[in-house]
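Everything on this sheet refers to the single structure shown next.
The values are calculated or read from the model by the stated rules, or taken from the named source; none is laboratory data. Keep in mind the model is a prediction, meaning the values are calculated, not measured. Note that each Cβ is placed from the backbone with ideal geometry, even for glycine, and that neighbours are counted across all protein chains shown.
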Amino acid sequence: MKTIGTGWVCFFVAAATAFAAEAVRNVNVDEFVRLRDQKTNVVLDVRTPKEYKAGHIPGAKLIDIGAADFEESIAKLDKSKTYLVHCAAGGRSARACKKMETLGFTNLVNLAPGFKGWEKAGKPVEK
C-alpha cells in the first residue's frame, strides 16, 4: 500500500472544504421544479420587468439584477431561506447568486438553463 505525501492530503482537505462551503448549486429544470415544490423555498427572477411581464415562473419574486438598487433589495431578503434564482439563460442569475453569496446567503440554487429552459421543458408560465 502506498501513502501520499502531506501536501496531497492538504490539497484534498482544502478541495473538500471549498466544495462543502459552496453556497451556489446549478441545477436543471427537473431539480428546480422539485425544489420549487418545497413551498418554503423562494423563486427569485432577476430579469428585467419587461421580461418578467412577458412571462415568468408562477410565484416568482422579481428583483432586477440590472436595477440600481439590486444589492439593496437583496440585502433585505431573509438569508436563512433557500433562493431558487433564474434569468433568461443562466448568466445573470449566476452573477446574482455570486453577489448574494458575498452578502452572506448560503442556500442558493441557479436554474442553469434559465427561463428559456423552463419554457422549453413545457413548464407553466404566468403572465
(request) Could you grab the pairs with beta carbons closer than 6 Å, sequence gap of 6+ or different chains, first residue in the range 100-127 and surrounded by 15 or more Cβ atoms within 10 Å (Cβ to Cβ), second one small (G, A, S) and part of a helix (DSSP H, G or I)? (result) N110/S93; N110/A94
(message) On the basis of being at pLDDT 95 or above and surrounded by fewer than 19 Cβ atoms within 10 Å (Cβ to Cβ), does L44 make the cut?
(response) no
(request) Count, please, the residues in the range 81-99 that happen to be in contact with a strand residue (DSSP E or B) (Cβ under 7 Å, 6 or more places away or on another chain), surrounded by 16 or more Cβ atoms within 10 Å (Cβ to Cβ) and farther than 14 Å from V27 by Cα. (result) 1
(message) Could you tell me how many of the residues in the range 50-80 are loosely packed, with under 13 Cβ neighbours inside 10 Å and either of a type in the set (D, E, K, R) or in contact with a Phe, Trp or Tyr (Cβ under 7 Å, 6 or more places away or on another chain) (or both)?
(response) 6
(request) For the range 16-25, indicate whether the set of residues that are of a type in the set (G, A, S), surrounded by 11 or more Cβ atoms within 10 Å (Cβ to Cβ) and modelled with pLDDT under 95 is non-empty. (result) yes
(message) With the requirement that a residue be in a helix (DSSP H, G or I) and either in contact (Cβ under 8 Å) with a residue 24 or more places away in the chain or of a type in the set (V, I, T) (or both), what does the range 37-63 give you?
(response) E51, K53, A54
